[in-house]
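Only one structure is covered here, and it is reproduced in the block below.
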Amino acid sequence: MNSIIKLEIEKKTFKKKGFSILNDFELEVKPRERVSIIGESGVGKTSLLNIIGLLDTQYQGCYTLFDSSVKDLSRNKLAEWRNQKIGFVLQESALINSLTIEDNIKLPLMYANIKKDSTTEDRFNRIVNKIGIESILKKKPLDCSGGQRARAVFVRAVIMNPQIILSDEPTASLDLENREKIISLLFDMNKEFNTTVITVTHDLDLANRHDRVITLERND
Ligand SMILES: Nc1ncnc2c1ncn2[C@@H]1O[C@H](COP(=O)(O)OP(=O)(O)OP(=O)(O)O)[C@@H](O)[C@H]1O
């Protein structure tokens with residue numbers, strides 16, 4: 001089976017700081033694989049997710065995603081793939097404070113011009129019920145707890161049925177019960193829709209529940 005992600009990074013340099021991370025780092029991921037990324041703080045885990053998720057294209061190396069060279073993709077295509085093919089659960093995935101939780105979750109559908117129909121509404125209701133955030137749908141983010149906001153960010157990330165879900169510490173602000181809800185939705189998506197799952201975490205139990213654990217090492 002072809003890889004969905006084939007990444008060969010020579011290095012990622014931060015000019016102002018004058019140092020580089022992810023030196024000679026290679027990663028290949030097959031469709032439907034569940035991969036976790038661990039490593040000490042500052043080693044480059046979030047930077048790696050940003051590269052995989054097409055948020056950062058400023059690095060030396062080659063990246064082939066869905067059989068296309070990322071360097072050859074137009075800005076529009078990068079934006080379209082970020083919205084439709086990749087679901088982000090990033091630490092700083094801020095919700096828009098002036099919109100309700102429901103409208104925040106449905107934003108990716110609006111960006112993709114997807115009409116409200118029974119299929120999208122069913123999907124929305126199913127995920128919202130599973131994660132248990134019915135009671136906050138009409139609330140604004142600032143009227144919700146941190147854990148409720150984290151669950152809403154997760155639902156927004158999966159609403160488009162992305163081919164890849166990238167999560168950065170998806171369970172960090174959650175209690176045990178909500179942690180399990182997020183993990184089970186993540187792995188259900190993987191089973192039901194063949195979604196590829198890549199998770200950055202300091203939680204070794206969560207990391208070990210993936211098919212493969214990658215440890216990023218400091219190499220400076
Ligand atoms: N935009 C930036 N400009 C300059 N340096 C940066 C930038 N983003 C990240 N860095 C630096 O790159 C290194 C890797 O950061 P990154 O956030 O990827 O690490 P991490 O492994 O995810 O850390 P943590 O586990 O603490 O979240 C750090 O030294 C960080 O300070």
**Request:** Quick one: SER173 ticks every box in (1) buried (at least 18 other Cβ atoms within 10 Å of the Cβ); (2) under 22 Å from LEU48 (Cα atoms); (3) more than 13 Å from the chain's Cα centre (by Cα) except a single one, so which number is it?
**Result:** (1)
**Prompt:** Give me the pairs: first residue in the range 162-189 and under 13 Å from PHE88 (Cβ atoms), second residue within 16 Å of the ligand (Cβ to nearest atom) and assigned to a helix (DSSP H, G or I), beta-carbon distance under 7 Å, and six or more apart or on different chains, which are they?
**Reply:** LEU166/LEU49; LEU166/ILE52; ASP168/THR46; ASP168/LEU49
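State which residue is modelled with the lowest pLDDT when the search covers only the range 184-213 and only residues that are surrounded by fewer than 19 Cβ atoms within 10 Å (Cβ to Cβ) and of a type in the set (A, V, I, L, M, F, W, C). Before you say what the answer is, go through the steps one by one.
Filtering the range 184-213 down to residues surrounded by fewer than 19 Cβ atoms within 10 Å (Cβ to Cβ) leaves 184, 187-188, 190-194, 202-205, 208-209, 211-213.
When the remaining residues are screened for being of a type in the set (A, V, I, L, M, F, W, C), the result is 187, 193, 204, 213.
Details: PHE187: 93, PHE193: 85, LEU204: 94, VAL213: 97.
The qualifying residue modelled with the lowest pLDDT is PHE193.
May I ask you to verify whether SER184 is polar (S, T, N, Q) and within 16 Å of the ligand (Cβ to nearest atom)?
no
Please go through the range 45-60 and give me each residue that is part of a helix (DSSP H, G or I) and either surrounded by fewer than 21 Cβ atoms within 10 Å (Cβ to Cβ) or of a type in the set (Val, Ile, Thr) (or both), ordered by number. Reasoning before the result, please.
Here is the first cut: in the range 45-60, the residues part of a helix (DSSP H, G or I) are 45-52.
If the condition is that a residue be part of a helix (DSSP H, G or I) and either surrounded by fewer than 21 Cβ atoms within 10 Å (Cβ to Cβ) or of a type in the set (Val, Ile, Thr) (or both), then THR46, SER47, ASN50, ILE51, ILE52 are the ones that fit.
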**Prompt:** Quick check: is even one residue across the range 131-146 buried (at least 16 other Cβ atoms within 10 Å of the Cβ), in contact with a Phe, Trp or Tyr (Cβ under 9 Å, 6 or more places away or on another chain) and in a helix (DSSP H, G or I)?
**Reply:** yes
**Request:** Taking the residues in the range 27-64 that are at pLDDT 95 or above and of a type in the set (Val, Ile, Thr) as candidates, determine which candidate is farthest from the ligand (Cβ to nearest atom).
**Result:** THR64
**Request:** Please go through the range 8-26 and pick out each residue that is closer than 15 Å to THR46 by Cα, at pLDDT 90 or above and assigned to a strand (DSSP E or B).
**Result:** ILE9, LYS11, LYS12, THR13, ILE21, PHE25
**Prompt:** Given the conditions (1) touching a residue at least 60 places away in the same chain (Cβ under 8 Å); (2) within 16 Å of the ligand (Cβ to nearest atom), which single one is not true for ASP67?
**Reply:** (2)
**Item:** Every residue from the range 64-94 that is part of a strand (DSSP E or B) and surrounded by 20 or more Cβ atoms within 10 Å (Cβ to Cβ)
**Value:** LEU65, ILE86, GLY87, PHE88, VAL89
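The values are calculated or read from the model by the stated rules, or taken from the named source; none is laboratory data. Small disclaimer: the values here were computed from a predicted structure and weren't measured. Here Cβ is always computed from backbone atoms with ideal geometry, including for glycine, and neighbour counts include all displayed protein chains.
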